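The structure appears right after this line, and notes come after that.
The values are calculated or read from the model by the stated rules, or taken from the named source; none is laboratory data. As the structure is a computational prediction, the values presented were derived from the model and not from experiment. No Cβ is skipped: glycine too gets one built from the backbone with ideal geometry, and neighbour counts run over all protein chains shown.
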Amino acid sequence: MKHLFSTLLLLFAFMSISFAQTDNNKKVVLLTNGNEYTGTIISDDGREMLFETETVGKIYIKKTDIKSITNFKEDDFVILNDTKVKSNPFSTRYSFTTNALPIKKRENYYMINLWGPEFHLAVADNFNVGIMTSWIGSPFALTAKYSFQTKNPKLNFSIGEIAGNGGYIDPQSLISLSFGNVTYGDRDRNFTLGVGYGVFDFNQEIYRPGTYYPTAGNPYPSIQYTKRPATKGVIASVGMNLRLSEKTSFIFDSMFGSMNTTNSEGNWLYNSASQTSTAVVVETKQSNPFFIFMPGLRINQGDGRAFQVCVAGANLSGQTIPMPYVTWFRKL
């Protein structure tokens, strides 16, 4: 049994190395105009190259028109509409939320939108960390996500955390969102369900609940303040990536849930005989449902670049608010 186990381990290691190998004879040529070809180099005289592509046959390419030549990696390509195309970059990200697809080490990227920048680094296979902030540097948050692969390559899970504060404007405030995702699909066609628990403490104050009486020389009571409890609630999300062509993908993102907030309100009781007032402050709790939807289109601009625009909106307690969301993705 021991020898069988050792043999299986060696076989698994050999298979892993074999699948990770690249075809060094096959190249990926990226032109300065954004076009990309996969095939083999037949000849190169220093000025132009004869290249046999997998799609249009043999072509001559001027060396001045070539931006890069890299080795072909099978994992970087998928079959779309019976044609082999490069896999969709930034495939683990929708608009705001992420999916559970596994990420490879050094698959780093940053994104810029109207609200601010983000930077995400894959420090190990299936594990990435990041920074999120606004254009004024506040609030400021750190992110982390770990993906779990299953025996079914199309079924993946992930857990993550977004934690931060108000930055230099309000460093004592707290932002926390713990989440988990389940994703079905591949890097070009996938669907994700997510659920999380958010805690948002904006370091605010409310009236302290209780009864306040007038004092000698002061017909009106002095009401004390207390720290407002954090806003908390369950947040869910639905995301989808549907690749339409080599350069375009339909992206859908959403977040919905209900956040529980705590307030206080006071009732004044006036005594006409003594001309004094008593204040009774009671705590109130309110549930605030919300829904954010982000359907959009992502344009792959080639060479680790993409542009995305969403027709986004938010419904907060029954009131709909438009949310412009335009994003530029870049590989690091």
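Conditions (1) of a type in the set (Phe, Trp, Tyr); (2) touching a Phe, Trp or Tyr at 6+ places or on another chain (Cβ under 6 Å), marked per residue:
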site: 221; (1), (2): no, yes
site: 240; (1), (2): no, yes
site: 277; (1), (2): no, yes
site: 280; (1), (2): no, no
site: 293; (1), (2): yes, no
site: 299; (1), (2): no, yes
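Here is a yes/no grid of residues against (1) within 24 Å of the chain's Cα centre (by Cα); (2) at pLDDT below 90; (3) not in a helix (DSSP H, G or I):
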position: 56; (1), (2), (3): no, yes, yes
position: 68; (1), (2), (3): no, yes, yes
position: 75; (1), (2), (3): yes, yes, no
position: 88; (1), (2), (3): yes, yes, yes
position: 91; (1), (2), (3): yes, yes, yes
position: 100; (1), (2), (3): yes, no, yes
Listed by first then second residue, the pairs whose first member lies in the range 305-332 and is closer than 13 Å to residue 253 by Cα, whose partner is outside any loop (DSSP other than H, G, I, E, B) and acidic (Asp, Glu), with beta carbons under 7 Å and at least 6 positions apart or on separate chains, are none
Looking only at the range 180-200, decide whether some residue is assigned by TED's automatic domain parsing to the domain that holds residue 222, among the small types (Gly, Ala, Ser), in contact with a Ser or Thr (Cβ under 7 Å, 6 or more places away or on another chain) and farther than 24 Å from residue 99 by Cα. no
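Among the residues of the range 203-236, write down those that are in a strand (DSSP E or B), of a type in the set (A, V, I, L, M, F, W, C) and either surrounded by 17 or more Cβ atoms within 10 Å (Cβ to Cβ) or at positive phi (or both).
Quick first cut of the range 203-236, residues in a strand (DSSP E or B) only: 205-207, 210-212, 215, 218, 225-227, 231-236.
Checking which are of a type in the set (A, V, I, L, M, F, W, C) leaves us with 206, 234-236.
Matches in the range 203-236: 206, 235.
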Given the conditions (1) crowded, with 19+ Cβ neighbours inside 10 Å; (2) of a type outside the set (Gly, Ala, Ser); (3) under 17 Å from residue 192 (Cα atoms); (4) modelled with pLDDT under 95, which single one is not true for residue 153? (1)
Examine the range 301-318 for a residue that is under 30 Å from residue 31 (Cβ atoms), touching a Cys at 6+ places or on another chain (Cβ under 8 Å) and part of a strand (DSSP E or B), and state whether such a residue exists. no
What do you reckon, is residue 200 assigned to a strand (DSSP E or B), under 26 Å from residue 106 (Cα atoms), in contact (Cβ under 8 Å) with a residue 40 or more places away in the chain and of a type outside the set (A, V, I, L, M)? no
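What tally of residues in the range 99-114 results from selecting those that are surrounded by fewer than 16 Cβ atoms within 10 Å (Cβ to Cβ) and not charged (D, E, K, R)? Steps first, answer last, please.
First, the residues of the range 99-114 that are surrounded by fewer than 16 Cβ atoms within 10 Å (Cβ to Cβ): 104-106, 112, 114.
Imposing the further condition that a residue be not charged (D, E, K, R) reduces the set to 112, 114.
Adding up the residues that qualify gives 2.
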Check whether at least one residue in the range 106-119 is closer than 18 Å to residue 188 by Cα, modelled with pLDDT of 90 or more and within 12 Å of the chain's Cα centre (by Cα), and report yes or no. yes
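Looking only at the range 122-144, decide whether some residue is among the charged types (D, E, K, R), in the same structural domain as residue 239 (by TED's automatic domain parsing) and touching an Asp or Glu at 6+ places or on another chain (Cβ under 9 Å).
Taking the range 122-144 and keeping what is among the charged types (D, E, K, R), we get 125.
Those still in the list that are in the same structural domain as residue 239 (by TED's automatic domain parsing) too: 125.
Checking which are touching an Asp or Glu at 6+ places or on another chain (Cβ under 9 Å) leaves us with none.
No, that holds for no residue.
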Between residues in the range 273-293 that are closer than 20 Å to residue 221 by Cβ and residues that are of a type in the set (Gly, Ala, Ser), which pairs lie under 7 Å by C-beta distance while being six or more apart or on different chains? 279/266; 280/266; 281/210; 281/264; 281/266; 282/264; 283/264; 284/264
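Is there a residue being polar (S, T, N, Q) and crowded, with 18+ Cβ neighbours inside 10 Å anywhere in the range 292-307?
Filtering the range 292-307 down to residues polar (S, T, N, Q) leaves 300-301.
Retained after the next criterion (residues that are crowded, with 18+ Cβ neighbours inside 10 Å): 300.
Yes - at least one qualifying residue is present in the range 292-307.
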